[in-house]
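Asker: Starting off with a structure, shown below.
The values are calculated or read from the model by the stated rules, or taken from the named source; none is laboratory data. Computed from a prediction, not measured in an experiment: that's the story for all the values here. Methodologically, a virtual Cβ is constructed for each residue, glycine included, from the backbone with ideal geometry; neighbour enumeration extends over all protein chains shown. Please note that ligands, DNA and RNA were not included when accessible areas were found on the heavy atoms of the full protein model with its side chains. Shrake-Rupley method; radii C 1.70, N 1.55, O 1.52, S 1.80 Å.
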Amino acid sequence: MPSIYAVWVGFISMVAGKRTTRHFNSAIELDPDFAAAYGRAAFCYASAKGNSYFSVTPNEIAEVTRLAQRAVELGKDDAIALATGGFALMYVVCDLGVGAALIDRALVLNSNLAEAWYCGGWAKAWLGEPELAIVRFARAMRLSPVDPSVGRMRSGIAHAHFFLGRYDEAAS
């Protein structure tokens, strides 16, 4: 139970950036087989990159790769581990194919996981499928309308509209 608490604290404070990984590292120390902790730790690096808290170095890429691979290894049937690990692989490591496949597997495992739809929205946007990105972001927002990430979901929809040349919709 303490490992779940450490993951929750880390998830809630994820916007704090890279230093949040210490919460996930605590969870991993308490339960080295807790797949979601590895996935969320990798996701923290992606969040920190997105907030410009660090510039990606080879050491950080190696750490994100290690965390995401461990999440996948331990959590073959854990949608959270797969979605967050897949997102980190796409955004930090730039491994679009593997990351997208992991997110798609997470969606098969749990089609009601808003976080997986959110991650999948970015996956589709980055893979040049903006129409599907819009669908995935919209589904994430329907599943979790008061999610703290709703602003990022709307940003994803705006990006997709921009890529489609719908500049007025993107701006709104």
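Asker: So for the range 87-161, averaging the separation of alpha carbon pairs under 8 Å that are six or more residues apart and normalising by length, what relative contact order in percent results?
Answerer: Reported as a whole number, the value is 26 percent.
Asker: Where does the range 60-123 land on the Kirkwood hydrodynamic radius, alpha-carbon pairs, in angstrom?
Answerer: Result for the range 60-123 stands at 10.9 Å.
Asker: Per residue of the chain, what 222 nm ellipticity follows from adding -39500 (n - 2.57) for every DSSP H run with n ≥ 4, rounded to the nearest 500?
Answerer: -23500 deg cm²/dmol
Asker: Given Cβ point charges of +1 (Lys, Arg) and -1 (Asp, Glu) and nothing else, what value in debye, to the nearest 20, does the dipole of the range 36-172 about its Cα centre take? Write down the numbers at each step before the final one.
Answerer: Working: 13 positive and 13 negative charges, 29 e Å.
Charge dipole of the range 36-172: 140 debye, to the nearest 20.
Asker: While we're on this one: Springs between alpha-carbon pairs under 10 angstrom, Gaussian network model over the chain: which of Ser26, Ser55, Ser47 fluctuates most?
Answerer: Ser55
Asker: What FRET efficiency comes out for Ser172 versus Thr57 if R0 is 41 angstrom and r is the Cβ-Cβ distance? Round to the nearest 0.05.
Answerer: Efficiency at R0 = 41 Å is approximately 0.65.
Asker: For the range 29-138, place one equal point scatterer on every Cα, skip the solvent, and apply the Debye formula. What is log10 of I(q)/I(0) at q = 0.10, 0.15, 0.16, 0.20 Å⁻¹?
Answerer: -0.24, -0.55, -0.62, -0.95
Asker: Leaving ligands and nucleic acids out of the surface, order Arg66, Arg139, Arg40, Arg154 by accessible area at 1.4 Å, largest first.
Answerer: So the residues, ranked largest to smallest area, are Arg154, Arg66, Arg139, Arg40.
Asker: Principal axes first, then extents: for the Cα atoms of the range 121-168, list largest minus smallest coordinate on each axis, whole Å, largest first.
Answerer: Extents along the principal axes, in whole Å: 29, 21, 13.
Asker: OK, next. Which whole-number percent gives the relative contact order of the range 37-172, counting Cα pairs below 8 Å spaced six or more residues apart?
Answerer: The value is 17 percent.
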